[in-house]
Each structure stands twice: as C-alpha cells, then as structure tokens.
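Quick notes on the structure that follows.
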Amino acid sequence: MANARVLRDIKARIGVKDNEIIRRAYLYVARNTTLPPQVRHQAQLQLNTFGRYTRPTTVKNRCVVSGRGRGIMSEFGLCRFQFRLKALQGELNGVQKASW
C-alpha cells in the first residue's frame with residue numbers, strides 16, 4: 001500500500017507536468033517589463049488561479065516504499081535505509097555489499 005505522502009507527491013508531479021507550458025507562458029508575460037502593466041497584471045491574476053499542485057516547488061523526491069523525504073538515492077527512488085535493506089536481500093540488480 002502506498003503512503004499518503006507518496007500519493008500526494010505523485011499528484012503534484014502529474015499536476016506540474018500537465019500545466020507546465022501554460023504556467024511558464026503566464027510567468028514570462030508577468031515578468032516581462034516591456035509589456036504594459038495591465039497585461040502583466042492579468043497574467044499574474046491567471047497565475048494566481050492555478051492550484052497548489054501545479055507549482056514545481058511542491059514536488060519533492062520521496063522514497064517509494066516508506067514515503068521518507070530525506071536521504072533519497074535518486075537512481076533507485078529509495079531512502080538510504082530501504083536501499084540498504086533491499087541491497088542486503090539482493091533485490092537490487094547490480095548492487096552488492098562491498099568487501100575489501
């Protein structure tokens with residue numbers, strides 16, 4: 001069963017992906033100082049109507065198993081503890097315990 005944090009992160013990733021182009025267009029218009037202030041203001045109002053999960057800053061890397069938000073190894077999508085457990089059990093291809 002997926003953690004609620006992981007589900008929220010997935011929802012945020014989908015929302016950002018779906019609205020990225022239009023959001024960047026409005027952001028470009030709102031920050032362009034050569035345009036008239038009324039146009040820039042309308043673009044800013046349109047930006048304010050977007051929901052919470054359309055902002056790229058809401059996306060956070062989380063462990064897909066535990067939902068932990070720190071110590072994520074991005075190649076595997078696991079936190080350091082889950083990475084260690086799965087590596088010791090041999091569930092990760094190409095990963096083995098080092099010995100020298």
Check: Relative to the present Cα-Cα distance, how much length would full extension add between Ala98 and Asn3 at 0.36 nm per residue of separation?
Finding: 31.1 nm
Check: How big is D for the chain, in µm² s⁻¹ as a whole number, if Stokes-Einstein is applied with the Kirkwood radius of its Cα pairs at 25 °C and 0.890 mPa s?
Finding: 150
Notebook entry, point to check: Taking only DSSP H segments of four or more residues, each worth -39500 (n - 2.57), what value at 222 nm results for the chain once the sum is divided by all its residues, to the nearest 500 deg cm²/dmol?
Noted result: -16500 deg cm²/dmol
Next item on the list: Run the numbers on the chain and let me know its relative contact order in percent, using alpha-carbon pairs under 8 Å that are six or more apart.
Entry: 25
Next item on the list: Would you please give the FRET efficiency between Leu27 and Arg80, computed as 1/(1 + (r/R0)^6) with r the Cβ-Cβ distance and R0 = 41 Å, to the nearest 0.05?
Entry: 0.70
Notebook entry, point to check: For the chain, list the DSSP H helices whose alpha carbon atoms reach 27 Å or more along the long axis and whose average Kyte-Doolittle value is -0.5 or above?
Noted result: 4-31
Check: What nm value, rounded to one decimal, do you get for the distance between Lys60 and Ile14 when each label is placed 7 Å out toward the C-beta?
Finding: 2.0
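No value in this document is a laboratory result; all are computed from the given coordinates. Note that this is a predicted model, so its numbers are computed, not measured. Virtual Cβ from ideal backbone geometry, glycine too; neighbours counted across all protein chains shown.
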